[in-house]
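The values are calculated or read from the model by the stated rules, or taken from the named source; none is laboratory data. Predicted model, so just to flag it, every value in this text is computed and none were measured. Neighbour counts run over all protein chains shown; Cβ positions are idealised from the backbone, glycine included. When the accessible area is computed, the model is the full protein with side chains, heavy atoms only, and any ligands, DNA or RNA have been set aside. Shrake-Rupley method; radii C 1.70, N 1.55, O 1.52, S 1.80 Å.
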Amino acid sequence: MAGLNIKKTEEKWQRRWKKSKIFDAEIAEQKGGKKKFFLTVPYPYTSGPLHIGHGRTNTIGDIIARFKRLQGYNVLFPMAFHVTGTPILAIADSIAKGDQKVVARYKGYISIYEDANKVDEIISSFSSAERVADFFAERISEDFERMGYSIDWRRKFNTTEPMYNKFIEWQFKKLYDKGVIKKGSYPITYSIEDNSPVGEDDIEEGDTNKVTIIEHTTIKFGVSDDTYLIAATLRPETVFGVTNLWIKPTAKYVKVAVGGEYGIVSREAALKLGYQREAVEGSEEIEGSYFVGKNVKEPIEGREIPVLSAGFVDPDVGTGVVYSVPAHAPYDYIALEDVRREEGIEIEPIKVIDIEGYEMPAKEICEKMGIANQEDARLEEATQIIYKDEFYRGVLNEQCGNFAGIKIAAIKDEVKDWLKGKNIADVFYETSRKAVTRGGGKVIVAVLQDQWFIDYTPKWWKDLGHELVEGMTFYPEKYKAYMHDIIDWLALRPCARKRGLGTRFPFEKEWIIESLSDSTIYMALYTIAHRLRQLPVDCLNEQFFDYVFLGIGSGADELAKEMNVEVDVLNGIKEEFEYWYPNDLRHTAPPHLSNHLVFFLMHHAAIFPPTRWPGAITLNELMIREGQKISKSKGNVIPLAKVSELYGVDMFRLYCAINADFASVINWREQDVDALKKRFNALVDVFENSTGVDVAELKEEEFTHTDRWLLSRFYRRLKESIELFEAFRIREAGINLVFNLLNDIRYYERRESPEKRRRIVRNVIEDWLLILSPIVPHICEEEWHKLHHSFISLQSLPELKEAFIDDRVEREEEYLVSLIADIKEILKIARIVPTKIYVYTADADTDNWKWEVFRAIKDLPERDKIKEAMKLRKDKSTVDFVKQLMKSNRDYFELNEREILEREKAYLTEEFGCEIGINEEHDPKRKKRFAIPLKPAIYVEG
RNA sequence: GCGGGGGUAGCCGAGCAUGGACAAAGGCGCAGGACUUAAGAUCCUGUUCCGCAGGGAUACGAGGGUUCGAAUCCCUCCCCGCGCACCA
């Protein structure tokens, strides 16, 4: 390693890059200016330190940014910080309250960056959310500098500062004008005890066993003129076949007032209903048994049906009242069988769904599965089977009036709407399973009445979204189709909350814009953020952004006057936006697809004209460590801040680039890291050993075959790598540039000598360093400076010396390698110590015909080859030859085998330690005839 | 349930889109050798089975199919991750 201190080298270049401001992106001069490239990765959320997992996406982003610079683009790669939302606030609150767990965790985080004696002082400042955010934003930006990222830091901002608020307000006004900001009710999982919405993280086992919201339909069954038993169902279309109600006799029921009517539901359901509908009042409690034996009026035709008792009814699921459709519901069928046996009540099932393969579906499935009582757990399974079969294949029959003859899948919602329209049915939300919060509070579904949301359903919007996606590049490509699906699926999205940090909702100030909704088009702000800083924040009103981003309004002069700024300043801002936008590439991770990315795309589609739509999205999978997810609960987090010290930044970057393709998860394994480190060190050695060589020693006319071979490999690999880079196939490019080239060099060195290797590497090192510099910029910068007084980070790709790419030279070497392998194979199997090795080429005097035949049939399909060959030379040995030829699967490529062998005779002699005979007459075992073109016959004497 | 991705040698992991050169890249591990006083590092060789001549057999989750030919295409089955919204 020649004493190169990697860590110091990295720091040195980071310092110099920063000092020389080489990554500050400026608008290129109009004439002869470079093409621009604007690349973004998601801004980090500043609730704590980042770890190596976050490092992958950002590193890939930087590699792309650097590659684009190398390609001659004027690159803008900015960064900002995300602060919006509840987590940072929650952390600050916990620390303020003295929550010891949180305090301990944050002390740990602080001590990653600070001396032990400062920790207490800093943690005490963390009772302010702003301090938390600022502290980590500052540290993260240092981390990023230490990762060698080529970021233009002048444009950084965070999402709670006034400038950003103004920008977000503008965005929401634009959306409001499009009519997609709406207020309405919205079901959500909710904790009664905590009196607040709960997400997956708040629910016990919420991450492993998800709780979703299920929409039930409630149906009213008349007890008297204004009082109803309210049954809940998932299958409202079966209401035509109802024969009775089920109720749990031992459960408590409550009469509640809903509107001007009274409904009877279980006590549990009454409570839930209170969170879902307006003006629900409970009154007296009634024992379930009170209703048993009474009759109620079925709502469609007004039939009188009995209320019966059933054990399977759970008062905490639905309304605690179930209507019975024994023809189609296994539970109902079995319960009714019990009733018949025990009480002698006969009730005929009413069949309402016709489905092939069943006469009476519920009855038949129970008999088939051998289910005989209500306690049988398989009833659930039977229900599922019937439900699915009937949903997809079943058709409503003549019992169902206008709905007869239509598939359930197609008619279900219509039936529901019809029932609602007749004031028979309503909606009741239930959780998909019984759940409690981590604190033990019961989780129910509440309906938020005045929730603001973004309505993504309008057709014009979805159409625009699809159009935008269609015009974009995705890598990996599969995500494009996926994105189309997501756009179709996207519906309503709540966009404001009552709690958290962020921008106040412009139309109702007690709401705060939720954190994903405020991170959709912020890339536009990067283009001008540093310039906006110079304006009073009050200037940043709707007219201002309209003018800068959309070019609309009453004109620059008037606007500038209103803002009290020079027109030039205003137009300078506009010009900068117009230069940089659109965002040419957004690089992020697949988990963002169905949330952030789709909003990013949809909001661009809605707000900006097509010329400002993003160009491409690339996504890399996440990083795991030793096969495990990286998480603080697993205790396997490596902070990004430690990368430099533990592994070296270039090493880390190389690992990120090489270890897995974008589409695969990277596994951070120490074993692999060590292995890569050896390779990396070998690479550095090769560089170090070559930069000192005097260029004057290199005379092209003196290049030998092996020199030319290595040069050919070199330039071929460089050329391939550039193409791979362009296609974002960074892993393959990196492997080519490091592993494969090192192997070529090693091979060369064995054939030649380390001294010659230095010379030849010196000949290509500049191009090599250039193309490798996006991945390992520090070491490349260091080596580059030994040869030039300029930053490699600012260089452009030179014209590749493609003339060195020489198929013939490489084929010749390949030929030699395969010959040596064949000889070794023979020596091994025959266990011979050779005294002399005879090699016979296929063009040796008598066998001249072989090349002719080879040439003649090279382009023919396999099956015609023998026939054609026989036309040329009628002899059985021709058949054998062609068969052999096909088996060996050689490309046709003409080489002068004799010449190669003569040239490499000394090498072969040295390799095998014995005399080599080329095309000599001596052939005691008659091997000569086995020679085929490009594969000589061999005879070993020992 | 909806959507999507996988299963490759002792291990990790390429390749499968465009079927043939795939006994299957690369790395790790293991074995042997060179170098070294030694260790480490580095380099070379080997690492399914059989074969005293460059060959053959079996193999890419399981089972079928298409094909002259399949890790690669089609079907069925088994098994394993992931996302599903108000959460950054």
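I want to confirm something. Restricting to the stretch A:316-372 and keeping residues that are closer than 25 Å to A:Lys412 by Cβ and of a type in the set (Gly, Ala, Ser), which single residue is surrounded by the fewest Cβ atoms within 10 Å (Cβ to Cβ)? Checking each candidate, the answer is A:Gly357. Is it the case, given these coordinates, that A:Ala657 is within 16 Å of RNA strand B (Cβ to nearest atom), among the aliphatic types (A, V, I, L, M) and open to solvent by 50 Å² or more (accessible area, probe 1.4 Å)? It is false that A:Ala657 is within 16 Å of RNA strand B (Cβ to nearest atom), among the aliphatic types (A, V, I, L, M) and open to solvent by 50 Å² or more (accessible area, probe 1.4 Å).
Residue count for the stretch A:564-595 under the criterion of being closer than 30 Å to A:Leu622 by Cα and either touching a helix residue (DSSP H, G or I) at 6+ places or on another chain (Cβ under 6 Å) or hydroxyl-bearing (Ser, Thr, Tyr) (or both): the result is 7. Scanning the stretch A:513-557 for residues that are out of contact with any strand residue (DSSP E or B) (no Cβ under 8 Å at 6 or more places or on another chain), touching a residue at least 24 places away in the same chain (Cβ under 8 Å) and among the polar types (S, T, N, Q) yields A:Thr520, A:Gln534, A:Asn541.
Per-residue answers, yes or no, for (1) of a type in the set (A, V, I, L, M); (2) farther than 26 Å from A:Tyr253 by Cβ; (3) in contact with a Ser or Thr (Cβ under 8 Å, 6 or more places away or on another chain):
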| position | (1), (2), (3) |
| --- | --- |
| A:Glu342 | no, no, no |
| A:Lys351 | no, yes, no |
| A:Ile355 | yes, yes, no |
| A:Met360 | yes, yes, no |
| A:Glu367 | no, yes, no |
| A:Gly370 | no, yes, no |
| A:Gln374 | no, no, no |
| A:Lys388 | no, yes, no |
| A:Arg393 | no, yes, no |
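For the stretch A:601-628, give me the residue count where each residue is open to solvent by less than 20 Å² (accessible area, probe 1.4 Å), hydrophobic (A, V, I, L, M, F, W, C) and away from RNA strand B (no atom under 12 Å from the Cβ). Steps first, answer last, please.
Going through the stretch A:601-628, the residues open to solvent by less than 20 Å² (accessible area, probe 1.4 Å) turn out to be A:601-608, A:614, A:616-620, A:623.
Add one more test, that the residue is hydrophobic (A, V, I, L, M, F, W, C), and what stays is A:601-602, A:605-608, A:616-617, A:619, A:623.
Still in the running and away from RNA strand B (no atom under 12 Å from the Cβ): A:601, A:605-608, A:616-617.
Residues meeting the conditions: 7.
Pairs linking a residue in the stretch A:786-798 that is within 11 Å of A:Glu766 (Cα to Cα) and open to solvent by 50 Å² or more (accessible area, probe 1.4 Å) to a residue that is at pLDDT below 95 and of a type in the set (Val, Ile, Thr), with Cβ atoms under 6 Å and 6 or more positions apart or on different chains, are A:Lys786/A:Thr691. Every listed requirement among (1) surrounded by fewer than 21 Cβ atoms within 10 Å (Cβ to Cβ); (2) more than 11 Å from RNA strand B (Cβ to nearest atom); (3) not basic (Lys, Arg) is met by A:Glu670 save one, (2).
Where helices (runs of 4 or more DSSP H) fall wholly inside the stretch A:765-860, the ranges with 3 or more residues that are modelled with pLDDT under 90 are A:807-830, A:848-857.
Examine the stretch A:632-647 for a residue that is without any contact (Cβ under 8 Å) to a residue 60 or more places away in the chain and of a type in the set (A, V, I, L, M), and state whether such a residue exists. Yes, the stretch A:632-647 has at least one match.
Residues A:Ile760, A:Ile735: which one is more than 12 Å from RNA strand B (Cβ to nearest atom), assigned by TED's automatic domain parsing to the domain that holds A:Thr706 and at negative phi? Just one listed residue meets the conditions, A:Ile760.
Return yes when A:Val427 is assigned by TED's automatic domain parsing to the domain that holds A:Glu380, at pLDDT below 85 and surrounded by 13 or more Cβ atoms within 10 Å (Cβ to Cβ) and no when it is not. Break it down stepwise before answering.
Working: assigned by TED's automatic domain parsing to the domain that holds A:Glu380: yes; at pLDDT below 85: no; surrounded by 13 or more Cβ atoms within 10 Å (Cβ to Cβ): yes.
So A:Val427 does not fit the description; no.
Scanning the stretch A:456-471 for residues that are in contact (Cβ under 8 Å) with a residue 60 or more places away in the chain and open to solvent by 10 Å² or more (accessible area, probe 1.4 Å) returns A:Pro458, A:Leu464, A:Glu467, A:Gly471.
The number of residues in the stretch A:38-55 being more than 16 Å from RNA strand B (Cβ to nearest atom) and either over 21 Å from A:Gly734 (Cβ atoms) or open to solvent by 20 Å² or more (accessible area, probe 1.4 Å) (or both) comes to 2. Listed by first and then second residue, the pairs linking a residue in the stretch A:300-311 that is free of Cβ contacts under 8 Å to residues at least 40 places away in the same chain and more than 27 Å from A:Trp418 (Cβ to Cβ) to a residue that is open to solvent by less than 50 Å² (accessible area, probe 1.4 Å) and not β-branched (Val, Ile, Thr), with Cβ atoms under 7 Å apart and 6 or more places separating them unless they lie on different chains, form an empty list. If you go through the stretch A:711-760 and pick out every residue that is small (Gly, Ala, Ser), within 18 Å of A:Ile779 (Cβ to Cβ) and open to solvent by 10 Å² or more (accessible area, probe 1.4 Å), you end up with 0.
Kindly check whether there is at least one residue in the stretch A:571-585 that is on the phi > 0 side of the Ramachandran plot and not in a helix (DSSP H, G or I). Before the answer, list the steps.
If we filter the stretch A:571-585 for residues that are on the phi > 0 side of the Ramachandran plot, which is where we start, we get none.
Scanning the stretch A:571-585, I find no residue that is on the phi > 0 side of the Ramachandran plot and not in a helix (DSSP H, G or I), so the answer is no.
From the list A:Lys416, A:Lys388, the one residue that fits, being modelled with pLDDT of 80 or more and either open to solvent by 50 Å² or more (accessible area, probe 1.4 Å) or in the same structural domain as A:Ser324 (by TED's automatic domain parsing) (or both), is A:Lys416. Assess whether A:Arg679 counts as being in contact (Cβ under 8 Å) with a residue 60 or more places away in the chain and within 24 Å of A:Glu904 (Cα to Cα). Criteria not met by A:Arg679. Counting only strands (runs of 3 or more DSSP E) wholly contained in the stretch A:145-253, the ones carrying 2 or more residues that are under 28 Å from A:Leu89 (Cα atoms) occupy A:181-191.
Yes/no per residue for (1) touching a helix residue (DSSP H, G or I) at 6+ places or on another chain (Cβ under 9 Å); (2) in a helix (DSSP H, G or I):
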| position | (1), (2) |
| --- | --- |
| A:Cys400 | yes, yes |
| A:Lys412 | yes, yes |
| A:Arg433 | no, no |
| A:Ala446 | yes, no |
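Residues that are β-branched (Val, Ile, Thr) and more than 9 Å from RNA strand B (Cβ to nearest atom) were ranked within the stretch A:472-516; the one that is surrounded by the most Cβ atoms within 10 Å (Cβ to Cβ) is A:Ile513.
Scanning the stretch A:157-193 for residues that are within 15 Å of RNA strand B (Cβ to nearest atom), touching a helix residue (DSSP H, G or I) at 6+ places or on another chain (Cβ under 8 Å) and over 21 Å from A:Tyr45 (Cβ atoms) returns A:Leu175, A:Val180, A:Ile181, A:Pro187, A:Tyr190, A:Ser191.
For every residue, the table says whether it meets (1) in a strand (DSSP E or B); (2) within 16 Å of RNA strand B (Cβ to nearest atom); (3) open to solvent by 10 Å² or more (accessible area, probe 1.4 Å); (4) of a type in the set (A, V, I, L, M).
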residue	(1), (2), (3), (4)
A:Ile27	no, no, yes, yes
A:Lys34	no, no, yes, no
A:Thr57	no, yes, yes, no
A:Asp62	no, no, no, no
A:Ile88	no, yes, no, yes
A:Lys107	no, no, yes, no
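Restrict the check to the stretch A:764-782 and report whether at least one residue is of a type outside the set (D, E, K, R) and surrounded by fewer than 17 Cβ atoms within 10 Å (Cβ to Cβ).
Let us first name the residues in the stretch A:764-782 that are of a type outside the set (D, E, K, R), namely A:764-765, A:768-780.
So of that shortlist, the ones also surrounded by fewer than 17 Cβ atoms within 10 Å (Cβ to Cβ) come out as none.
Among the residues of the stretch A:764-782, not one is of a type outside the set (D, E, K, R) and surrounded by fewer than 17 Cβ atoms within 10 Å (Cβ to Cβ), which makes the answer no.
Each row is one residue, and each column tells you yes or no for (1) within 19 Å of A:Thr238 (Cβ to Cβ); (2) in contact (Cβ under 8 Å) with a residue 24 or more places away in the chain.
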{"residue": "A:Phe291", "(1), (2)": "no, yes"}
{"residue": "A:Ala329", "(1), (2)": "yes, yes"}
{"residue": "A:Ala335", "(1), (2)": "yes, yes"}
{"residue": "A:Glu364", "(1), (2)": "yes, no"}
{"residue": "A:Gly370", "(1), (2)": "no, no"}
{"residue": "A:Asn373", "(1), (2)": "no, yes"}
